[in-house]
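The values are calculated or read from the model by the stated rules, or taken from the named source; none is laboratory data. Since the model is a prediction, treat every value here as computed from it, not as a measurement. Virtual Cβ from ideal backbone geometry, glycine too; neighbours counted across all protein chains shown. These area figures cover heavy atoms from the full protein model, side chains too; ligands, DNA and RNA do not enter into them. Shrake-Rupley method; radii C 1.70, N 1.55, O 1.52, S 1.80 Å.
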Amino acid sequence: MIKLDITKIAPVVSAAEVKALEARVAEAQKALEEGTCPGNDFLGWLHLPTSITPEFLADVKATAAVLRGECEAVVVAGIGGSYLGAKAVIEALSNSFQWLVNDGKNPTILFAGNNIGEDYLAELTTYLRGKRFGVINISKSGTTTETALAFRLLKKQCEEQLGKETAKKVIVAITDAKRGAARTCADKEGYKSFIIPDNVGGRFSVLTPVGLLPIAVAGFDIDQLVKGAQDMEKMAAAPLAENPAAQYAATRYALYTKGKKIEILANYQPKLHFIAEWWKQLFGESEGKDGKGIYPASVDLTTDLHSMGQWIQEGERTIFETVISVETPEHKLLFPNDDENLDGLNFLAGKRVDEVNKMAELGTQLAHVDGGVPNIRIAIDRLDAYHLGQLIYFFEKACGIHCQLLGVNAFNQPGVEAYKKNMFALLGKPGYEKETEAIKARLK
Ligand code: PA5
């Protein structure tokens with residue numbers, strides 16, 4: 001199971017101060033369980049893992065098998081909560097050089113619909129030229145500009161290259177049950193489709209088809225992913241003393257109230273980079289409102305010790321650090337001996353590379369603590385589907401609890417609309433005439 005170590009948050013916060021939040025955490029858990037918290041129509045994630053049925057998983061796996069059988073590449077079109085979870089899990093479980101070592105057993109998984117980069121889309125469509133490719137179009141609304149643009153391009157190219165009948169087999173929609181442009185399109189074209197439950201917001205949706213289908217298409221074990229989440233769901237229902245998710249939430253809250261406004265999520269495995277990106281959306285979009293919220297930042301270590309290490313060690317003391325540590329790597333590699341020893345590193349020869357990494361982690365942790373950066377450590381045994389499932393639910397539950405402590409609605413994102421309104425006004429979207437006039441006057 002996940003091990004949480006909060007002993008190095010002292011002297012900023014003591015263990016007693018975290019324990020003192022017990023009653024407030026219990027209240028937060030009760031509000032989530034009873035659905036009395038703000039945004040209570042979006043609590044579908046809370047018991048999602050244990051409500052997943054074998055029949056549902058079989059349907060996801062059968063659809064994945066069709067895409068795996070038919071396609072050499074599959075493009076996952078989605079943005080924000082509609083792509084980050086899948087991207088995070090796939091990257092964490094894949095070979096670091098998957099592009100180069102792909103033996104043809106698994107389709108290449110590509111992501112689109114998460115930016116408006118003309119070069120990105122032009123290069124993607126060029127890469128796909130002449131290839132048998134499929135598309136998983138993930139959008140609750142179906143009108144998100146980034147995703148809709150990519151889907152228009154990909155649908156057209158897929159139909160042109162494979163013919164409309166085959167395209168029907170290799171385009172899958174994951175969208176609202178009844179509403180929205182993606183639903184209308186899927187029904188009209190006869191695509192296989194999955195539903196994003198109404199009561200699960202994008203950033204909590206990785207254990208719905210939004211995450212599970214792309215992960216299964218990539219060839220990873222979604223049964224184990226779900227099993228890990230189910231085990232953590234049970235553990236994270238316990239009171240503070242036995243509940244790592246609640247302890248993480250309470251610790252963050254205690255640090256925040258002591259002026260630690262920025263949390264830096266650090267990893268020592270490059271494959272975890274997108275887990276941090278997913279985590280940033282989960283926490284950032286859930287708690288950054290009403291002038292409140294911890295700013296979620298991230299670093300990949302030891303890489304970023306050579307760029308951000310100085311700031312973390314000696315910059316403004318408004319930060320705390322949370323390290324995700326993987327206890328056992330999947331491979332074994334020894335530090336080599338070198339006869340000339342020009343770099344002076346022969347004292348490490350014969351040691352596991354991971355032992356060096358772990359000492360870098362411990363040394364960094366102690367240095368940061370000495371520099372006034374409280375440290376939380378989250379350890380998982382291995383980087384596999386089961387432990388990622390645990391980690392996903394651990395963070396979701398902690399986020400839900402922390403938002404109750406902060407007193408914000410965890411499940412809305414009103415601020416996301418501001419850029420869209422301006423963008424549509426600037427682009428002259430029908431219905432935005434007044435906004436267009438106002439924004440043009442502002443830019444004169
Ligand atoms: O978490 C969220 O709700 C957002 O990140 C959405 O997932 C994102 O904006 C995409 O929206 P849609 O699925 O409607 O295309």
At 7 Å along the Cα-to-beta-carbon direction for both Lys420 and Ala367, put a label point, then send me their distance in nm to one decimal.
4.4
Per residue value of the accessible surface for segment 345-444 (all protein chains in place, 1.4 Å probe), Å²:
47
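Quick check: at a probe of 1.4 Å, how many percent of the accessible area of segment 89-162 sits on carbon and sulfur atoms?
On the way: 2050 of 3850 Å².
Of all accessible area on segment 89-162, carbon and sulfur atoms account for 53 percent.
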Answer in debye to the nearest 20: the dipole magnitude of segment 48-220 about its Cα centre, from +1 Lys/Arg and -1 Asp/Glu charges placed on Cβ, is 300
Kindly list the residues of segment 372-387 that lie in the label zone of Lys234, defined by a backbone N under 17 Å from the point 7 Å along the Cα-to-C-beta vector.
386-387
Comparing Gly315, Gly69, Gly104 in a Gaussian network model of the chain (Cα, 10 Å), the one with the largest mean-square fluctuation is Gly104
Where GluC sites (Glu not before Pro) in DSSP loops with at most 10 other Cβ within 10 Å are excluded, longest remaining stretch of the chain:
1-315
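Quick one: length gained pulling Lys178 to Lys258 fully straight, 0.36 nm per residue minus the C-alpha distance? Walk me through the numbers on the way to the answer.
Details: separation 80, 0.36 × 80 = 28.80 nm, distance 4.61 nm.
Gain on stretching Lys178 to Lys258: 24.2 nm.
Just to verify a number: FRET efficiency for Asp304 and Glu70, C-beta to C-beta distance, R0 = 35 Å, to 0.05? Could you put the intermediate results ahead of the total?
Values: r = 40 Å, r/R0 = 1.14.
E between Asp304 and Glu70, to the nearest 0.05, is 0.30.
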Using only protein heavy atoms and a 1.4 Å probe, report how much of Cys403 is accessible, in Å² to the nearest 10.
0
When a/c reaches 1.5 or more, the comparison of a/b and b/c decides; with that in mind, is segment 48-220 rounded, prolate or oblate per its Cα gyration tensor?
rounded
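Name the trypsin sites (Lys or Arg not before Pro) in segment 303-392 that are in a loop by DSSP and that have at most 13 other C-beta atoms within 10 Å, would you?
Details: sites: Arg317, Lys332, Lys351, Arg352, Lys358, Arg377, Arg382; in loops: Arg317, Lys332, Lys351, Arg382.
Passing both the DSSP loop test and the Cβ count: Arg317, Lys332, Lys351, Arg382.
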Taking only Cα atoms and a 10 Å spring cutoff, compute GNM fluctuations for the chain and point out the largest among Val135, Val210, Val369.
Val369
In nm, to one decimal, how far is the Trp311 label point from the Ala10 one, both placed 7 Å along Cα→Cβ?
3.1
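Between Asn341 and Glu327, what is 0.36 nm times their sequence separation minus the Cα-Cα distance? Round to one decimal in nm. Show your work: numbers first, answer last.
Numbers: separation 14, 0.36 × 14 = 5.04 nm, distance 2.96 nm.
Answer, rounded to one decimal: 2.1 nm.
Which entries of Lys105/Lys358; Lys397/Lys421; Lys258/Lys292; Lys30/Lys234; Lys131/Lys192 show an alpha-carbon separation above 24 angstrom in the structure shown? Intermediate values should be presented prior to the final figure.
On the way: Lys105/Lys358 34 Å; Lys397/Lys421 32 Å; Lys258/Lys292 14 Å; Lys30/Lys234 15 Å; Lys131/Lys192 21 Å.
Beyond 24 Å between Cα atoms: Lys105/Lys358; Lys397/Lys421.
Taking 0.36 nm per residue of separation and subtracting the Cα-Cα distance, what length does fully extending Glu34 through Tyr127 add? The partial results should precede the final answer.
On the way: separation 93, 0.36 × 93 = 33.48 nm, distance 4.97 nm.
So the extension gain works out to 28.5 nm.
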Which one of Thr322, Thr53, Thr364 has the biggest mean-square fluctuation once the chain is modelled by GNM with Cα springs under 10 Å?
Thr53
